[in-house]
């Protein structure tokens, strides 16, 4: 169906202006030290709701460290010292009266290596919601497990083998199981630390398609060392280098018209 | 000579054409073969020692499974009640076991019908007769020896399965000595050890591995625990003597004290193996747990422990098997005493199997030699079955993961 | 294939088709206008090619974005590159059409109606055919069909060329007086625009042939 040349409505073109996007996470002047090593230097960043934000940069630039600050996973490491604020829905998660466990209930995480629990597929997905009291054991729990597995795009493959151990699946399936487990807790934000770097290209594509679906319900922040992945799926891209945030903009702008020379050098492969 | 030269020339030509030929390989293969032979001979030597030991024990110990019984005439009357020795013919008195004779008045009391009767009964023979029948060195007077031969011709001497060994405790009468009280004592001691060392050891390991900060203090603790595992066990005996018996005033020689002493000894081993098992759980499981918003307790209890459990079990059982074979600390604590009756609670005086074996090894009578060997075999059987349980448990839990 | 990539490809294709169909409609109206020699058809024809440069800008930006973000390969890459070149051709074809309309509406009354009926209209009809088959080609995927369509475009374009030559010789046969020479010259120039549109259509068709069937981008 092709419109008449004069009736093509310019407003229908999807040029989302930044003012129309809602901010979900507001990072203010975040600094992090590993012992004496100053790993993150004053990061300021806004992450938008229901968008995929990709963090790219060379190895050791601090993108994974930054990601783990958002759900306070770095608090588990004793030598880490954090200053600055991360404000989510109006509350700074580093305030004294915020329990890090409750932060992690609202901000889920998927890791680089698929790490399902050595339990059955059903228990993998059901364990955390039951413990948090989101559902009760029985039909409610069964429904949540089924819905989570459907949303993770793995239901058809595992619906007959729910009692089998989760570790018996292939790599791509295990990663989707981990995603199902994460979304079963019904978080607002999903953090993904290089979720496809350990997978083959077909599984990678499946998970990228899944991420595009998931962003309708969740806000997604992903670290990737594969810039093409960021180009394919991210709405916003942030480029990190040696602990600094060099550039943060819409993905199109970063990849076609980067403002900073460092960004351009990285994207064109002139430094590694 | 010329044929050899020709062959060498031919081979040299072939080698030149062969691009994969490497002249140094021959030497390397030869030295690898020598190493293999050396390793194999070490293995063979070790196995030979083992085979030698086992066969020696078997040869000495298996005869203990049989005991000599003789058929004699016993007179049950009032005179026998007062002086049981009189119930047997004088010539046969030394051939028959004193223990059997002791029994006669009681038999008469339990069975009033026996009064004023004379019966032919099979009863336990004296230990020297037993040794004679089994073909070992014996100390029988010629008269007695002749009597025994006579009885033998009359088919009134036979070897039966020695159930006494497994149903009676130690005794000054060799033929009446058994390992039962030592076995029960060992079991009680082991139960005490397990009850004390397992929970404390596993909890300590969990705390050190999961909860404690990684600073100098914990490192010092770790080094000291490792050192404790290497301390000579007899020192634990002195520790037990000083603390449990002198300070706390617990009953000497009881399974309680022995068990506590052994628990102190096993604790470092359990802590070390449990820590290793916990460490072997991949960190990704914990990260996944934390990422889902679980508390530390939930992660450790529901995810890390089940995975580490096979390793902890194996370590515990090996530690306990080691404890079962310990003698030195228990000697200090007093479990070397002569205990004929089985203990019925952990606060009664008891002895353990290794201690029993040690005692028997020091007895002058010849009959105790075979009992010592049989005791060793029993102990070995128990240890091997404990290890087999460890292997089975490990296999069973491992398939789930 | 990711959903957003597929969407993007579809969007670009439909925008190209939009311009193509506008061009087609415009030239069809020119035929009508030539037949009846009425102003209205020509005016209407103009409206169908009004916004071409804006849409072309957008298509170009979309193609750049797609190349940057999705790294197309093989057929998708050939298509993107072809489309990038096709937008130029479309722009010029639209410009040619516009100039034809402008030029003809001025000269319409003067031209010999015989020439118009016998030569100009068939030539423009051929041009319309060329454009039509070219626009059809955009939507085709199959290799054989593409080749068939391309052949049809070639035939139409050749016909246009022949007809233009015949117009030229006819006009010359009439042995114009010196004063009329300007008029005839202007006529030829205007009619040549129609032939150029057919040329453009063939360039576009050639690029589309490359996109679908592969080979070298510069043929012949």
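The values are calculated or read from the model by the stated rules, or taken from the named source; none is laboratory data. Since the structure is predicted, the reported quantities are computational estimates derived from the model, not experimental observations. Glycine gets a Cβ as well: all are built from the backbone with ideal geometry, and neighbour counts include every protein chain shown.
Data for the structure
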item	result
Unique residue being more than 9 Å from chain C (Cβ to nearest Cβ) and closer than 20 Å to residue A:49 by Cβ when the list is A:220, A:246	A:220
Within segment A:104-160, considering residues that are assigned to a helix (DSSP H, G or I) and in contact with a strand residue (DSSP E or B) (Cβ under 8 Å, 6 or more places away or on another chain), the one nearest to the other protein chains (Cβ to nearest Cβ)	A:106
Residue C:21 in a helix (DSSP H, G or I), at negative phi and more than 14 Å from chain A (Cβ to nearest Cβ)	no
Output for segment A:32-77, where each listed residue is part of a strand (DSSP E or B) and buried (at least 22 other Cβ atoms within 10 Å of the Cβ)	A:32, A:40, A:43, A:47, A:52, A:53, A:54, A:55, A:56
Sole residue being out of contact with any strand residue (DSSP E or B) (no Cβ under 9 Å at 6 or more places or on another chain), in contact (Cβ under 8 Å) with a residue 60 or more places away in the chain and crowded, with 16+ Cβ neighbours inside 10 Å, chosen from B:98, B:94	B:98
Residue that is surrounded by 19 or more Cβ atoms within 10 Å (Cβ to Cβ), in a loop (DSSP other than H, G, I, E, B), out of contact with any strand residue (DSSP E or B) (no Cβ under 7 Å at 6 or more places or on another chain) and assigned by TED's automatic domain parsing to the domain that holds residue B:378, where the choices are B:351, B:266	B:351
Set A:234, A:184: member being within 13 Å of chain B (Cβ to nearest Cβ) and either crowded, with 18+ Cβ neighbours inside 10 Å or more than 30 Å from residue A:61 (Cβ to Cβ) (or both)	A:184
Subset of segment A:41-74 (residues that are out of contact with any strand residue (DSSP E or B) (no Cβ under 8 Å at 6 or more places or on another chain) and either within 14 Å of chain B (Cβ to nearest Cβ) or on the phi > 0 side of the Ramachandran plot (or both))	A:60, A:72
Qualifying residue in segment B:186-201 (condition: under 30 Å from residue A:114 (Cβ atoms) and away from chain A (no Cβ under 14 Å))	no
Filter result for the condition that a residue is buried (at least 18 other Cβ atoms within 10 Å of the Cβ), modelled with pLDDT of 90 or more and outside any helix (DSSP H, G or I), over B:300, B:281	B:281
Looking only at segment B:287-297, and only at residues there that are surrounded by 23 or more Cβ atoms within 10 Å (Cβ to Cβ) and part of a helix (DSSP H, G or I), the one that is farthest from the other protein chains (Cβ to nearest Cβ)	B:289
Matching residues, segment C:54-79, being buried (at least 16 other Cβ atoms within 10 Å of the Cβ) and more than 14 Å from chain A (Cβ to nearest Cβ)	C:78, C:79
Residue list for segment C:44-54, restricted to those being within 14 Å of residue C:89 (Cβ to Cβ) and either more than 24 Å from the chain's Cα centre (by Cα) or part of a helix (DSSP H, G or I) (or both)	C:52, C:53
Filter result for residue B:374 (farther than 16 Å from residue B:254 by Cα, out of contact with any strand residue (DSSP E or B) (no Cβ under 8 Å at 6 or more places or on another chain), touching a residue at least 40 places away in the same chain (Cβ under 8 Å) and away from every other protein chain (no Cβ under 14 Å))	yes
Condition met for residue C:57 (within 21 Å of residue C:201 (Cβ to Cβ) and either more than 14 Å from the chain's Cα centre (by Cα) or in a loop (DSSP other than H, G, I, E, B) (or both))	no
Residue check for residue B:170: assigned to a loop (DSSP other than H, G, I, E, B) and crowded, with 16+ Cβ neighbours inside 10 Å	yes
Residue under evaluation residue B:319, criteria (1) crowded, with 22+ Cβ neighbours inside 10 Å; (2) within 14 Å of chain A (Cβ to nearest Cβ); (3) not in a loop (DSSP other than H, G, I, E, B), criterion not met	(2)
Some residue of segment B:259-273 being over 29 Å from residue B:378 (Cα atoms), in contact (Cβ under 8 Å) with a residue 24 or more places away in the chain and within 14 Å of chain A (Cβ to nearest Cβ)	no
